[in-house]
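Some notes on the structure that comes next.
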Amino acid sequence: MKTNELQFSIKNVKYAVKDSVLGTYGNPEDLAFAEQLALEATFSSQQQYGDGQIIATLSSDKGMTGTLTLVQLANQYEIDMKRKMEIDGGLADVTQLDDVEHAIYYEFEVVANGSKKTIKAWLLNVTSGRPSETLTQTKENPTINNIEISLTILGETLKTNLGTADYVDANGNTLKVTKIVSKPGDAGYATFGDAVPIPKALA
């Protein structure tokens, strides 16, 4: 059914680091003031021909990539991603040896039928690259220099409703969940940003 729902804005960005041994996420921490989040599907399809016609299409869905644009550098996030380190005399950029898995939380707004609502979302199993940083000379007016962080969103395996085993569909396939969205009225909406949710199928 068609709606006139419009999406805009991004706010309240947080992150939670994943324990590499336990496989669970820690408490969410504030990331930084955000300017933009751009997400792009890592999806491709290959057509198989036979007798001069298409007989099958093979799809490959590898999650998402994206760019998170921040108003200012998030030093604690960079430390947790092991790209910065406190050393004698200051804060240093260091060689990034590990891809630290984490989840990213954000909120955005929608307007539908004249009513504005805040939507909440988690990106699951994310890794990020060293941010791009530009400094521009101020002229007539101050020049704001945003920070861009590249993201790779691999997702978590969907669990059964009890959360104790991987969900398997009727064809024997497991599924990856890259993003979970909660809207006003959904169960658990009020506390959705307090912890990284475990993706579970309906009972």
Query raised in the report: Hey, how many Å between the Cα centroid of segment 59-81 and the Cα centroid of segment 143-173?
Result: 14 Å
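Rounded to a whole number, what is D in µm²/s for the chain from Stokes-Einstein with the Kirkwood radius over alpha-carbon pairs (37 °C, 0.692 mPa s)?
Numbers: Rh = 19.5 Å.
Translational D for this selection: 168 µm²/s.
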Report task. Pick out, from Asn173, Thr69, Ser150, the residue whose Cα sits farthest towards the positive end of the charge dipole of the chain, with +1 on the Cβ of Lys and Arg and -1 on the Cβ of Asp and Glu. Result -> Asn173
Query raised in the report: So which lysines pass the test for Lys11, namely a Cα distance under 20 Å, with those fewer than 8 places away in the same chain ruled out?
Result: Lys116, Lys117, Lys120, Lys179, Lys183
Report task. Please report, to two decimal places, log10 I(q)/I(0) for segment 18-111 at q = 0.14, 0.16, 0.19, 0.22 Å⁻¹ as given by the Debye formula with identical point scatterers on the Cα atoms and no solvent. Result -> -0.76, -0.89, -1.11, -1.30
Query - Two-decimal ratio, segment 17-64, of alpha-carbon radius of gyration to 2.2 N^0.38 Å - result: 2.08
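If you stretched the chain out fully between Thr138 and Ser115, how much longer would it get, using 0.36 nm times the residue separation minus the C-alpha to C-alpha distance? Mind showing how you got there, number by number?
On the way: separation 23, 0.36 × 23 = 8.28 nm, distance 4.00 nm.
My answer for the length gained is 4.3 nm.
Using only helices, what value at 222 nm comes out for the chain when you add -39,500 (n - 2.57) per DSSP H run of length 4 or more and divide by the total residues, to the nearest 500 deg cm²/dmol? Before the final figure, lay out each step's value.
Numbers: 1 runs with 6 residues, N = 203.
Calculated mean residue ellipticity at 222 nm is -500 deg cm²/dmol.
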Query raised in the report: Could you give the length gained on full extension between Gln72 and Val21, defined as 0.36 nm per residue of separation minus the Cα-Cα distance, in nm?
Result: 15.2 nm
**Report entry** segment 101-152: equivalent-ellipsoid semi-axes (sqrt of 5 x gyration tensor eigenvalues, Cα, Å)
**Finding:** 29, 23, 6
**Report entry** Net dipole in debye of the chain [+1 Lys, Arg Cβ; -1 Asp, Glu Cβ; about Cα centre; nearest 20]
**Finding:** 600 debye
Query - Reachable aspartates and glutamates, given that their alpha-carbon falls under 16 Å from the alpha-carbon of Lys82 and they are not under 8 places away in the same chain - result: Asp19, Glu29, Asp93, Asp98, Asp99, Glu101
Query raised in the report: Working out 0.36 nm times the residue gap between Asp51 and Asn146, then minus their Cα-Cα distance, what length gain in nm do you get to one decimal?
Result: 28.8 nm
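Tell me, what % of the accessible area of segment 84-172 is carbon and sulfur with a 1.4 angstrom probe?
Working: 2470 of 5310 Å².
Ligands and nucleic acids excluded, carbon and sulfur give 47 percent.
The values are calculated or read from the model by the stated rules, or taken from the named source; none is laboratory data. Fair warning: this is a prediction, and the values are worked out from it, not measured in the lab. All Cβ positions, even for glycine, are placed from backbone atoms using ideal geometry, and neighbour counts span all protein chains on display. Just the protein is used for accessible areas: all its heavy atoms, side chains included, with ligands, DNA and RNA removed. Shrake-Rupley method; radii C 1.70, N 1.55, O 1.52, S 1.80 Å.
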